[in-house]
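Asker: Here you go, one structure.
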Amino acid sequence: MLKVAKFGGSSMADAGQYKKIRDILLSDPTRRVVVVSAAGKRDKNDHKITDLLYLCHAHTQYGVDCTGVFEMITSRYLEIRDELNIQLDLETEFAALKKRLDAKSVTQDELVSRGEYFSAKLMAAYLGFQFIDAVEWVKFNLDGTVDQETSYEALRKLVILGKGAVIPGFYGLMPDGHIRTFTRGGSDITGALAAAALNADVYENWTDVSGILMADPRIVDDPQAIPEVTYDELRELSYSGAQVLHEGTIFPVREKNIPLNIRNTNAPEDNGTMIKEKFDTPCDPDRFITGITGKKDFTIISLSKRGMANQVGVLRKVLTVLERHKISVDYVPNGIDNVSVVMSTEDVAPYLYTILGEIQQEVEPDTLDVHDQIAVVAAVGRRMAFRPGVSGRLFAALGEAGINIRMINQGPDELNIIFGVDNRDFKAAIRVLYNSFVK
Ligand code: ASP
């Protein structure tokens, strides 16, 4: 049994967090491979080390001395080291880096990668684990994608499994020997690659919330975490607006069918959210909504034409007009002699009148209407498909709350029920669903 555990910036922010991580690892000896982020914020007004490193690089680019910012960075690491009594010489490396920085001989990617590098060095020394640098195994192709097979192979050769290893996240090596970073938040990807390389039984992603929440905490008070979610549901949730993991993160572990467990470093007793391809038995069979999410600011173009049901090509003509303007259509709810297309207002607004003119000319509808300020709300749940009456209950609850539904759509896989409401009813609709189906 092997678990790869990735700890994000807030889990690495200070000495107290390092201690929590050690306890988490000691409580389960199968957590033998650890991937770490750079130190994050200790409180709301603090700075992330990665942000400071970007700032430092920008300073030197414009010929401004960055000594002050550089010292803020190094002192964070020295504080952690000294508070935990870790025997590690960091000063020599800091001095060498500063020298190269002043000489402008460090690329931006290399400089910002040092946040995770120093985190991993410190954590490895603290735990007595092996330090494995990301440049030794995360290999990029020239186009910036990861050469998975080469990388996996390299990591497998480096890991001494009995010992425990700490790996810095966020960066790897280009074929020309330069360091390259992933996009922001990319330590998640390193963790997933390590889990895939080592065929881990679980990839644990430790952060500061107890899993993916069932609804946005800015809308619903203290929402519950989702105990179990499939990758398909997760895709629905993130498409419809929930802030969940980056697609690149999921891909390496999904490909190998490795479960992904989101956990809270500050509440390790919580089970967090387990993400898998499928679950054989639901953890709570009465819970048929997995999550509720949504986005504001959609536009609906609706048209009707008598006899449309018997005409060929009307929908195609409408979609062709939109394609011409490179508008991606999100939903196409339709009736017998009418059809609507739903898309993001931001995308369509600049061309709206041209588009309406073209539809008028090419389709000659009897009516053509536009509604904007529409919010889309999605109730996502794999168990909805086998439940008669779910949508009835859902719309009844909204009706009782006086929320007018402007559009209804359900995907063919019955993984979601999507409906449109006025922007101003957005939060109320999410609260009504949460209160009637979760609470
Ligand atoms: N430290 C990097 C960032 O802030 C990468 C990460 O933490 O995942 O984006």
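Asker: Residue check, THR367 against (1) modelled with pLDDT under 90; (2) of a type in the set (Ser, Thr, Tyr); (3) within 30 Å of GLY313 (Cα to Cα), all met but one. Which one?
Answerer: In the conditions (1) modelled with pLDDT under 90; (2) of a type in the set (Ser, Thr, Tyr); (3) within 30 Å of GLY313 (Cα to Cα), THR367 misses (1) alone.
Asker: Can you name every residue in region 20-45 that is more than 13 Å from the ligand (Cβ to nearest atom) and farther than 24 Å from ALA200 by Cα?
Answerer: Taking region 20-45 and keeping what is more than 13 Å from the ligand (Cβ to nearest atom), we get 20-34, 42-45.
Hits for region 20-45 are ARG42, ASP43, LYS44, ASN45.
Asker: For region 301-335, how many residues are in a helix (DSSP H, G or I) and among the acidic types (Asp, Glu)?
Answerer: Qualifying residue count for the region: 1.
Asker: Given the structure, is ARG156 surrounded by fewer than 16 Cβ atoms within 10 Å (Cβ to Cβ), within 16 Å of the ligand (Cβ to nearest atom) and either among the charged types (D, E, K, R) or assigned to a loop (DSSP other than H, G, I, E, B) (or both)?
Answerer: Judged against the criteria, ARG156 is not a match.
Asker: While we're on this one: Is it true that GLY402 is free of Cβ contacts under 8 Å to residues at least 60 places away in the same chain and either in contact with a Pro (Cβ under 9 Å, 6 or more places away or on another chain) or not in a helix (DSSP H, G or I) (or both)? Explain how you work it out, then say what you get.
Answerer: Working: free of Cβ contacts under 8 Å to residues at least 60 places away in the same chain: yes; either in contact with a Pro (Cβ under 9 Å, 6 or more places away or on another chain) or not in a helix (DSSP H, G or I) (or both): yes.
So GLY402 passes the test.
Asker: Do the conditions hold for THR207, that is, is it under 30 Å from ARG431 (Cβ atoms), within 16 Å of the ligand (Cβ to nearest atom) and touching a Gly at 6+ places or on another chain (Cβ under 6 Å)?
Answerer: yes
Asker: State the number of residues belonging to region 108-129 that are surrounded by 13 or more Cβ atoms within 10 Å (Cβ to Cβ) and more than 16 Å from the ligand (Cβ to nearest atom).
Answerer: Residues meeting the conditions: 5.
Asker: While we're looking at this one, here's another question. For residues that are touching a residue at least 40 places away in the same chain (Cβ under 8 Å) and assigned to a loop (DSSP other than H, G, I, E, B), scanning just region 1-13, find the one that is surrounded by the most Cβ atoms within 10 Å (Cβ to Cβ).
Answerer: GLY8
Asker: Could you say whether any residue in region 340-350 is farther than 20 Å from ASP413 by Cβ, in contact (Cβ under 8 Å) with a residue 12 or more places away in the chain, buried (at least 20 other Cβ atoms within 10 Å of the Cβ) and β-branched (Val, Ile, Thr)?
Answerer: yes
Asker: Next question, about the same structure. Determine which member of the set ASP176, ASP188, ASP208, ASP201 is modelled with pLDDT under 95 and not small (Gly, Ala, Ser).
Answerer: Going through ASP176, ASP188, ASP208, ASP201 in turn, the sole match is ASP208.
Asker: Still on this structure, please answer the following. Are any of the residues in region 17-27 in contact with a Pro (Cβ under 8 Å, 6 or more places away or on another chain) and crowded, with 19+ Cβ neighbours inside 10 Å?
Answerer: yes
Asker: Give region 234-249 a look and list any residue that's modelled with pLDDT of 85 or more and over 9 Å from the mean Cα position of the chain (by Cα), or say none. Lay out the reasoning, then the answer.
Answerer: Going through region 234-249, the residues modelled with pLDDT of 85 or more turn out to be 234-238, 249.
Once the filter is applied, which keeps residues that are modelled with pLDDT of 85 or more and over 9 Å from the mean Cα position of the chain (by Cα), region 234-249 yields LEU234, ARG235, GLU236, LEU237.
Asker: Could you please find all residues in region 277-305 being among the acidic types (Asp, Glu) and either touching a residue at least 40 places away in the same chain (Cβ under 8 Å) or crowded, with 20+ Cβ neighbours inside 10 Å (or both)?
Answerer: GLU277, ASP284, ASP297
Asker: Can you tell me which residue within region 159-189, out of those that are among the β-branched types (Val, Ile, Thr), near the ligand (Cβ under 9 Å from one of its atoms) and in contact with a Ser or Thr (Cβ under 9 Å, 6 or more places away or on another chain), is farthest from PHE140 (Cα to Cα)?
Answerer: Taking region 159-189 and keeping what is among the β-branched types (Val, Ile, Thr), we get 159-160, 166-167, 179, 181, 183, 189.
Of the ones still in play, those that are also near the ligand (Cβ under 9 Å from one of its atoms) are 181, 183, 189.
Checking which are in contact with a Ser or Thr (Cβ under 9 Å, 6 or more places away or on another chain) leaves us with 181, 189.
Numbers: THR181: 10, ILE189: 13 Å.
The extreme case among them is ILE189.
Asker: Sort through THR74, THR60 and tell me the only one that's modelled with pLDDT under 95 and either buried (at least 16 other Cβ atoms within 10 Å of the Cβ) or within 16 Å of the ligand (Cβ to nearest atom) (or both).
Answerer: Step by step, each of THR74, THR60 is checked, and only THR60 is modelled with pLDDT under 95 and either buried (at least 16 other Cβ atoms within 10 Å of the Cβ) or within 16 Å of the ligand (Cβ to nearest atom) (or both).
Asker: Taking ALA267 as meeting all but one of (1) closer than 30 Å to THR150 by Cβ; (2) at pLDDT 95 or above; (3) among the aliphatic types (A, V, I, L, M), write down the number of the exception.
Answerer: Evaluating ALA267 over (1) closer than 30 Å to THR150 by Cβ; (2) at pLDDT 95 or above; (3) among the aliphatic types (A, V, I, L, M) leaves (1) as the failure.
Asker: For region 204-223, enumerate the residues that are buried (at least 16 other Cβ atoms within 10 Å of the Cβ) and closer than 21 Å to LYS439 by Cβ.
Answerer: Within region 204-223, VAL209, SER210, GLY211, ILE212, LEU213, MET214, ALA215, ASP216, ILE219, VAL220, PRO223 qualify.
Asker: Please enumerate the residues belonging to region 402-439 that are touching a strand residue (DSSP E or B) at 6+ places or on another chain (Cβ under 9 Å) and among the acidic types (Asp, Glu).
Answerer: Listed by number, the residues that qualify are ASP422, ASP425.
Asker: Just wondering, is there one or more residues in region 81-102 that are within 29 Å of TYR203 (Cβ to Cβ) and either within 22 Å of the chain's Cα centre (by Cα) or crowded, with 20+ Cβ neighbours inside 10 Å (or both)?
Answerer: Among the residues of region 81-102, at least one is within 29 Å of TYR203 (Cβ to Cβ) and either within 22 Å of the chain's Cα centre (by Cα) or crowded, with 20+ Cβ neighbours inside 10 Å (or both), which makes the answer yes.
Asker: So which of GLY40, GLY16 ends up being assigned to a helix (DSSP H, G or I), small (Gly, Ala, Ser), out of contact with any His (no Cβ under 6 Å at 6 or more places or on another chain) and closer than 24 Å to LEU90 by Cβ? Steps first, answer last, please.
Answerer: Values: GLY40 fails: assigned to a helix (DSSP H, G or I).
Just a single option satisfies the conditions, and that option is GLY16.
The values are calculated or read from the model by the stated rules, or taken from the named source; none is laboratory data. On a predicted model such as this, the values are computed, not experimentally measured, just so you know. Ideal geometry is used to build each Cβ from the backbone, glycine not excepted, and the neighbour counts take in all protein chains shown.
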